[in-house]
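A.B. asks: Provided herewith is a single structure, encoded as structure tokens, for subsequent inquiry.
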Amino acid sequence: MTREEKILLHVNKEKWGVEIGPSHSPLAPRSQGFKVHVIDHASKEDLKKKYADHSNVDTTKIEDVDFIWHGQTYAQLTGKSNFYSWIIASHLIEHTPDLINFLNQCDELLTDYGVLSLAIPDGRFCFDHFRPITGISKVIDAHYNKNTIHTPGTAAEYFLNFSNKQALICWDNSIDGDYTLPFSTQDARQQMELIRDHKVYVDLHSWCFTPTSFRLIIRDLGDLGFISLKEVDFYPSSGCEFFITLGRHGKGYTENRLTALKQISSEILIAY
């Protein structure tokens, strides 16, 4: 299956859906017949300006943005709840300061049998390679703290350990060569101070996952009563990303806990 087929498998293009943060790479474009509303951080015109100097970006693919997000909930932004049959978010969930809140905001938009389709970077095969895999404690604490921006500590971890491999920011396990660390301690300090002193949102990855670590976190969050969404479908990593679909009536991740934990350890070892 292609990347698009995995992401769109449970998406019915005849029913209304949302794509969050498609930027210049929409996966469910209107030009292909999708009934879609687009949520992004900037207008179509501003996105075109942002990527005007990027030679590898086709700005003609940028679609009209229906809702420009400024921090409100998605239901407040769209004026809708229990309305959409599907949501697509590619390489977005890892940027959210409060992962639980993001999932619940998406859930609020969806109909009872609606689905949330996610493409998520595998921390082993991108610039998060040397960062620790996210545990559930950080996810829960961020939610209880009502985080709307990333913490200074997250910024320090991100910039101190951000790595390239053969000058790439993402790769697959066929890429050989050593790693480089492009940011300095001073860079990390500056970003920490920017967050601490000015309370600004610095765009970075708050969460780092392997495929199994994410599947287990989703199950644990459901079992602990934080979310209603469960695993509907899953595709293991291809290149630097994996794919998962969530919904209220998903079958859930069924592996026993000890096997899952061993699998996470095995996944981490594979990267080295």
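The values are calculated or read from the model by the stated rules, or taken from the named source; none is laboratory data. Just so we're clear, the structure is a prediction, and the values are computed from it rather than from any experiment. Reconstructed Cβ throughout: ideal geometry from the backbone, glycine too, with neighbour counts over all protein chains shown.
A.B. asks: Which residue, of PHE125, PHE159, is aromatic (Phe, Trp, Tyr), crowded, with 18+ Cβ neighbours inside 10 Å and out of contact with any helix residue (DSSP H, G or I) (no Cβ under 9 Å at 6 or more places or on another chain)? Please lay out each step first, then the result.
C.D. replies: Values: PHE159 fails: out of contact with any helix residue (DSSP H, G or I) (no Cβ under 9 Å at 6 or more places or on another chain).
Just one listed residue meets the conditions, PHE125.
A.B. asks: ASP233 versus (1) farther than 25 Å from ILE100 by Cα; (2) assigned to a strand (DSSP E or B); (3) of a type in the set (Asp, Glu): which is the lone unmet condition?
C.D. replies: (1)
A.B. asks: State whether one or more residues within segment 40-54 are in contact (Cβ under 8 Å) with a residue 40 or more places away in the chain, in contact with a Lys or Arg (Cβ under 9 Å, 6 or more places away or on another chain) and not basic (Lys, Arg). Step through it out loud before you land on a result.
C.D. replies: Quick first cut of segment 40-54, residues in contact (Cβ under 8 Å) with a residue 40 or more places away in the chain only: none.
No, segment 40-54 has no match at all.
A.B. asks: Among all residue pairs at least 6 apart or on different chains, which show Cβ distances below 8 Å where the first residue, located in segment 234-255, is over 26 Å from PHE127 (Cβ atoms) and the second is in a loop (DSSP other than H, G, I, E, B) and of a type outside the set (D, E, K, R)?
C.D. replies: Close Cβ pairs (under 8 Å, with a partner that is in a loop (DSSP other than H, G, I, E, B) and of a type outside the set (D, E, K, R)) amount to GLY247/HIS10; GLY247/LEU229; ARG248/SER228; ARG248/LEU229; GLY250/LEU229.
A.B. asks: Only residues in segment 170-183 that are closer than 22 Å to TYR158 by Cβ count as the first member; pair them with residues that are acidic (Asp, Glu) and surrounded by 13 or more Cβ atoms within 10 Å (Cβ to Cβ), Cβ under 9 angstrom, at least 6 apart or cross-chain, and list the lot.
C.D. replies: From segment 170-183, the pairs are CYS170/ASP122; CYS170/GLU241.
A.B. asks: Moving to a separate point now. Tell me, please, whether a residue that is among the charged types (D, E, K, R), out of contact with any strand residue (DSSP E or B) (no Cβ under 8 Å at 6 or more places or on another chain) and farther than 25 Å from HIS249 by Cα can be found in segment 139-153. Can you show your working first?
C.D. replies: At the first step, the residues of segment 139-153 found to be among the charged types (D, E, K, R) are 141, 146.
Imposing the further condition that a residue be out of contact with any strand residue (DSSP E or B) (no Cβ under 8 Å at 6 or more places or on another chain) reduces the set to 141, 146.
Add one more test, that the residue is farther than 25 Å from HIS249 by Cα, and what stays is 141, 146.
Among the residues of segment 139-153, at least one is among the charged types (D, E, K, R), out of contact with any strand residue (DSSP E or B) (no Cβ under 8 Å at 6 or more places or on another chain) and farther than 25 Å from HIS249 by Cα, which makes the answer yes.
A.B. asks: Specify the residue that is nearest to the chain's Cα centre (by Cα); the eligible residues are those in segment 22-77 that are among the aliphatic types (A, V, I, L, M) and under 20 Å from PRO97 (Cα atoms). Let's see the steps before the verdict.
C.D. replies: Residues of segment 22-77 among the aliphatic types (A, V, I, L, M): 27-28, 36, 38-39, 42, 47, 52, 57, 62, 65, 68, 75, 77.
Next cut, under 20 Å from PRO97 (Cα atoms) only: 39, 42, 68, 75, 77.
Values: ILE39: 14, ALA42: 18, ILE68: 18, ALA75: 19, LEU77: 20 Å.
In this case the residue turns out to be ILE39.
A.B. asks: Hey, any hits in segment 213-222 for a residue that's part of a strand (DSSP E or B) and either farther than 24 Å from THR96 by Cβ or within 21 Å of the chain's Cα centre (by Cα) (or both)?
C.D. replies: We begin by selecting, within segment 213-222, every residue part of a strand (DSSP E or B); these are none.
No: zero hits.
A.B. asks: Same structure, new question: Determine whether PHE162 is under 16 Å from the mean Cα position of the chain (by Cα) and among the hydrophobic types (A, V, I, L, M, F, W, C).
C.D. replies: On the way: under 16 Å from the mean Cα position of the chain (by Cα): no; among the hydrophobic types (A, V, I, L, M, F, W, C): yes.
So PHE162 does not fit the description; no.
A.B. asks: With the condition kept exactly as written, say whether any residue in segment 56-64 is of a type outside the set (Val, Ile, Thr), surrounded by 15 or more Cβ atoms within 10 Å (Cβ to Cβ), touching a residue at least 40 places away in the same chain (Cβ under 8 Å) and within 14 Å of VAL18 (Cβ to Cβ).
C.D. replies: Start the filter on segment 56-64 by keeping residues that are of a type outside the set (Val, Ile, Thr), which leaves 56, 58, 61, 63-64.
Now restrict to residues that are surrounded by 15 or more Cβ atoms within 10 Å (Cβ to Cβ): 63.
Subset that is touching a residue at least 40 places away in the same chain (Cβ under 8 Å): 63.
Okay, now just the ones that are also within 14 Å of VAL18 (Cβ to Cβ), so 63.
Taking every residue of segment 56-64 in turn, at least one turns out to be of a type outside the set (Val, Ile, Thr), surrounded by 15 or more Cβ atoms within 10 Å (Cβ to Cβ), touching a residue at least 40 places away in the same chain (Cβ under 8 Å) and within 14 Å of VAL18 (Cβ to Cβ).
A.B. asks: So THR210 ticks every box in (1) surrounded by fewer than 22 Cβ atoms within 10 Å (Cβ to Cβ); (2) in contact (Cβ under 8 Å) with a residue 12 or more places away in the chain; (3) out of contact with any strand residue (DSSP E or B) (no Cβ under 6 Å at 6 or more places or on another chain) but one. Which box is left unticked?
C.D. replies: Result: THR210 fails condition (1) only.
A.B. asks: In the set ILE268, ILE244, which member is hydrophobic (A, V, I, L, M, F, W, C), at pLDDT 95 or above and either more than 29 Å from ASP172 (Cβ to Cβ) or touching a helix residue (DSSP H, G or I) at 6+ places or on another chain (Cβ under 8 Å) (or both)? Show your work before the answer.
C.D. replies: Working: ILE268 fails: at pLDDT 95 or above.
The unique qualifying residue is ILE244.
A.B. asks: Could you list, in sequence order, all residues of segment 213-247 that are in contact with a Ser or Thr (Cβ under 6 Å, 6 or more places away or on another chain) and surrounded by fewer than 18 Cβ atoms within 10 Å (Cβ to Cβ)?
C.D. replies: Filtering segment 213-247 for residues in contact with a Ser or Thr (Cβ under 6 Å, 6 or more places away or on another chain) gives 232-233, 245.
Across segment 213-247, the qualifying residue is only ASP233.
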